[in-house]
Structure formats: structure tokens, C-alpha cells
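The structure appears below as C-alpha cells.
The values are calculated or read from the model by the stated rules, or taken from the named source; none is laboratory data. Bear in mind that the values here come from a model prediction, so they are computed numbers and not experimental data. All Cβ positions, glycine included, derive from the backbone under ideal geometry; neighbour counts span all protein chains shown.
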């Protein structure tokens with residue numbers, strides 16, 4: 001179920017790209033020392049939320065859920081996470097990269113149709 005090693009690697013790279021985008025966006029929002037806080041804090045906060053809220057026994061994760069949520073909520077969190085990264089690229093004026101990130105994310109979820117169905121049933 002959505003656990004093809006190539007698809008999982010692609011998902012991991014998407015997650016890392018989203019966190020990097022959040023850091024770059026944060027860096028560009030402030031001048032001075034505050035930019036360090038936003039550039040580091042925003043991706044850390046996103047990563048903590050990403051790892052905290054999970055569906056128990058999700059086969060593409062460890063199966064552990066520090067905070068258990070229904071599948072639909074987890075799917076919504078994932079879409080917000082990736083959607084926020086795409087929006088940040090648009091805000092940075094990088095429409096080409098935003099389009100690329102959006103298309104790659106959509107392809108990943110299309111290839112993960114079995115996981116999407118599983119999440120919705122949970």
C-alpha cells in the first residue's frame with residue numbers, strides 16, 4: 001500500500017524540499033536576528049507537527065502514533081503541509097518552482113491512491 005521504495009523515496013524528498021522551502025521563506029520574511037528564528041523555527045515546528053500527528057499502524061510510517069488522529073485529519077495535515085510549501089514558493093515569486101512542487105506532490109498522491117483510500121477509511 002503506497003510503500004513502493006521509489007515512491008517512498010520521492011515522498012521523503014518532497015518532505016525535505018518542503019522543509020527547505022519553509023526555511024528559505026522564513027529567512028526572506030525578516031531582516032536581522034529574527035530571520036534566524038523564523039528560518040529555523042518554522043521548519044522545526046512543521047517537522048514536529050508532521051511527526052506528532054499520525055494514524056496508528058500507518059504502513060508508510062513507523063506504525064507508532066504519538067498523537068493518534070483519524071486518517072482524514074492526517075491527510076488534511078499532509079495537504080496543508082505541502083500546500084503551504086507551494087504557497088510559500090508563490091509568495092517568493094518562484095512560480096516555476098511552485099508549479100513543479102505542486103505537480104510532483106500531486107503525482108506522488110496519485111501513485112499513493114491505495115494509501116489515500118486507507119486513510120479515508122480510518
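Taking region 89-122, which residues are farther than 20 Å from residue 26 by Cβ and either in contact with a strand residue (DSSP E or B) (Cβ under 9 Å, 6 or more places away or on another chain) or outside any helix (DSSP H, G or I) (or both)?
112, 122, listed by residue number.
Working carefully through the options 34, 93, find the one that is farther than 20 Å from residue 11 by Cβ and either at pLDDT 95 or above or surrounded by 16 or more Cβ atoms within 10 Å (Cβ to Cβ) (or both).
Result: 93 is the single residue among 34, 93 that is farther than 20 Å from residue 11 by Cβ and either at pLDDT 95 or above or surrounded by 16 or more Cβ atoms within 10 Å (Cβ to Cβ) (or both).
Among (1) touching a strand residue (DSSP E or B) at 6+ places or on another chain (Cβ under 6 Å); (2) surrounded by 13 or more Cβ atoms within 10 Å (Cβ to Cβ), where does residue 17 come up short?
Just one mismatch for residue 17, condition (1).
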